[in-house]
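Take a look at the structure set out below.
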Amino acid sequence: MDFLLYNSLTKKKEVFTPISPKEVKLYTCGMTVYDYAHIGHGRKYVMDDILKRTLIYNGYKVKHVQNVTDVGHLVSDADTGQDKLEKGAQKQNKTVWEVAEFFTNNFYESMDALNILRPDVICRATDHIKEQIELIEKLFKNGYAYDTYEAVYFDTSKFEGYGSLFGQQISEKRIGVRERVKTDKNKRNPSDFALWFKRVNHFKDHVMHWDSPWGDGFPGWHIECSSMSMKYLGEQIDIHTGGEDHLSIHHPNEIAQSEGATGKIPFSKFWVHHAFLIVNGTKMSKSLGNYFTLQDVIDKEYDPMALRYLYLNTHYKKPMNFTWESLDASAKGLMRLKQQVEILKNGKGRTILSEDKENKIEEFRTKFMGAINDDLNTSKALATLFEVLKSNIPSEDKYDSVKSFDEVLGLNL
Ligand code: AMP
Ligand code: ZN
């Protein structure tokens, strides 16, 4: 059966085929580790996990790489403002290194509690400074980079089609944004973005810094994803994911840098973008402080799986509004579901042998796969699981089907 996946690059659902039949190369943009992981992150990474499990269910071997952003991500994506890690260190009264360590652990512990399969490679930006410098050197060689007194930039005017990547009118949007902020006067185009910040002016006291051919400084945020993706997965990959906020800046920049450096198009065949978890109509975010952590959920005595179950009821491309009432309803629903599975496990429950049992089991499996293979339609996949439970196939076959479906759903049924 074909696996259809919505590709933000072409703006349509496409049949997924990997570059190499042996292995799917998957890169999922990771966390900026300056504050707690919240349940908005939980949604994004659970849906990445559904994507990965669906690939595995379809028989693919997956190599999954994820970065940890521990330097270079500024409070404004317009390359201005404070470094998020330094901001976190001030808030927590810790060093930047301690902050990064603490929140990286907090992030992966939260992801474990949500039953998210760990990536094969977890890579920190600060462990890959050499690779980032090498990539910037390639960009200089290929004529895409230039430097000023303050920073090294990617010249977006040299990269054809930059302004319309993902169909966004990026250049127009950014000129508007940048008129209101203080920027480097020697930058050639408003949409040019920093590859390397020099430890001068605004950043003269930047805590994390390294030597480079352009002087002491630190990398810009976007370059880490291009260089680590290439290091662990090669110059071209199958799927790259991120939240919908990455459609306008981070991902166009990753494409420009990667394709500019290697000349190989496309950097990633598929781009998947997740809609946000929102609270009262606003994105749940660390910077706005309007978030709940997984620990908040646990403190209110909810099973983290109730949250996972709640996420699965909304398609990953649709915004989802979080309320405690919806989590409550989800917890009750999951409890009932688990009770039914427990009954089946003990060999009890209604067993009405139907003559065409094998056909029915196959029909359900096909229906379930049809749902997840249709751009990860998790709510339809769950509906199929309930159909199985209500059906007249024998208990042990119901149990086997539920366990099989749970390889994708990951609800620990
Ligand atoms: P950050 O640590 O802010 O870089 O976020 C890590 C990932 O989580 C990015 O791909 C974001 O788009 C995503 N993300 C952040 N906040 C939310 C949210 N409220 N809902 C869904 N995804 C989010
Ligand atoms: Zn990234």
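Using only side-chain charges placed at the Cβ, +1 for Lys and Arg and -1 for Asp and Glu, the dipole size of the chain relative to its Cα centre rounds to 620 debye.
Cross-link partners for LYS13 among the aspartates and glutamates, with Cα-Cα distance under 18 Å and sequence neighbours closer than 8 places in the same chain left out: ASP2, ASP48, ASP238, GLU244, ASP374, ASP375. In terms of accessible area, using a 1.4 Å probe and ignoring ligands and nucleic acids, ILE19, ILE39 rank largest first as ILE19, ILE39. Remark on LYS317: its backbone amide H falls under 5 Å from those of ALA275, a criterion applied only to residues 5 or more positions apart or on other chains, H modelled at 1.01 Å from N. Per-residue ellipticity at 222 nm computed for the chain from its helices equals -13500 deg cm²/dmol, with DSSP H segments shorter than 4 residues left out and the rest contributing -39,500 (n - 2.57). The slack between LYS22 and ASN359, meaning 0.36 nm per residue of separation minus the straight C-alpha distance, is 118.2 nm. Taking the protein heavy atoms of the chain in the context of the full set of protein chains, the accessible area attributed to carbon and sulfur is 50 percent at 1.4 Å. For LYS22, list the lysines whose Cα falls under 18 Å from its own Cα; do not include residues on the same chain fewer than 8 positions away. Correct list for LYS22: LYS52, LYS61, LYS63, LYS269. For a modelled paramagnetic label at GLU235, 7 Å from Cα along Cα-to-Cβ, the residues of the stretch 127-168 in reach, with backbone nitrogen under 17 Å, are 132, 134-144. When the trypsin sites (Lys or Arg not before Pro) in the stretch 273-348 are filtered for DSSP coil states and for at most 16 other beta-carbon atoms within 10 Å of their beta-carbon, the remaining sites are LYS300, LYS317, LYS348. Qualifying chymotrypsin sites (Phe, Trp or Tyr not before Pro) in the stretch 105-168, where qualification requires a DSSP coil assignment and no more than 14 other C-beta atoms within 10 Å, comprise TYR149. For a straight C-alpha distance cut-off of 17 angstrom, the aspartates and glutamates reachable from LYS360 (same-chain residues fewer than eight places away being disregarded) are GLU387, GLU396, ASP397, ASP400.
GNM remark for the chain: springs join alpha carbons under 10 Å apart, and the peak mean-square fluctuation among VAL46, VAL62, VAL71 falls on VAL62. Each DSSP beta bridge with both residues in the stretch 4-274 is either parallel or antiparallel, and the antiparallel ones are about 50%.
The region of the chain that goes longest without hitting one of the GluC sites (Glu not before Pro) in a DSSP loop, each with at most 10 other Cβ atoms within 10 Å, is 1-159. For the stretch 150-167, backbone phi angles converted through the Karplus equation (6.51, -1.76, 1.60; θ = phi - 60°) give residue-by-residue couplings of 8, 7, 9, 10, 8, 7, 5, 5, 7, 9, 4, x, 3, x, 10, 4, 6, x Hz, Gly and Pro being listed as x. Loop-located trypsin sites (Lys or Arg not before Pro) in the stretch 231-272 (DSSP state not H, G, I, E or B) with no more than 16 neighbouring Cβ atoms inside 10 Å: LYS264. With the simple spin-label model, which puts each label point 7 Å out from Cα in the Cβ direction, the GLN295 to GLN92 separation comes to 1.0 nm. For the residue pairs LYS94/LYS300; LYS357/LYS380; LYS264/LYS367; LYS187/LYS317; LYS11/LYS87; LYS138/LYS185, the alpha carbons lie more than 32 Å apart in LYS264/LYS367; LYS187/LYS317; LYS11/LYS87. In the full protein context, the chain carries 43 Å² of accessible surface per residue, based on a 1.4 Å probe and ignoring ligands, DNA and RNA. Of the whole protein surface, THR314 contributes about 30 Å² of accessible area at a 1.4 Å probe radius. Computed from backbone phi with θ = phi - 60° and the Karplus coefficients 6.51, -1.76 and 1.60, the 3J(HN,Hα) list for the stretch 23-35 is 7, 8, 9, 10, 10, 10, 4, x, 8, 8, 8, 10, 7 Hz; x is used for glycine and proline.
The values are calculated or read from the model by the stated rules, or taken from the named source; none is laboratory data. Computed from a predicted model, the values in this text were never measured in an experiment. Ideal geometry is used to build each Cβ from the backbone, glycine not excepted, and the neighbour counts take in all protein chains shown. Accessible surface is based on the protein model in full, side chains and every heavy atom, while ligands, DNA and RNA are left aside. Shrake-Rupley method; radii C 1.70, N 1.55, O 1.52, S 1.80 Å.
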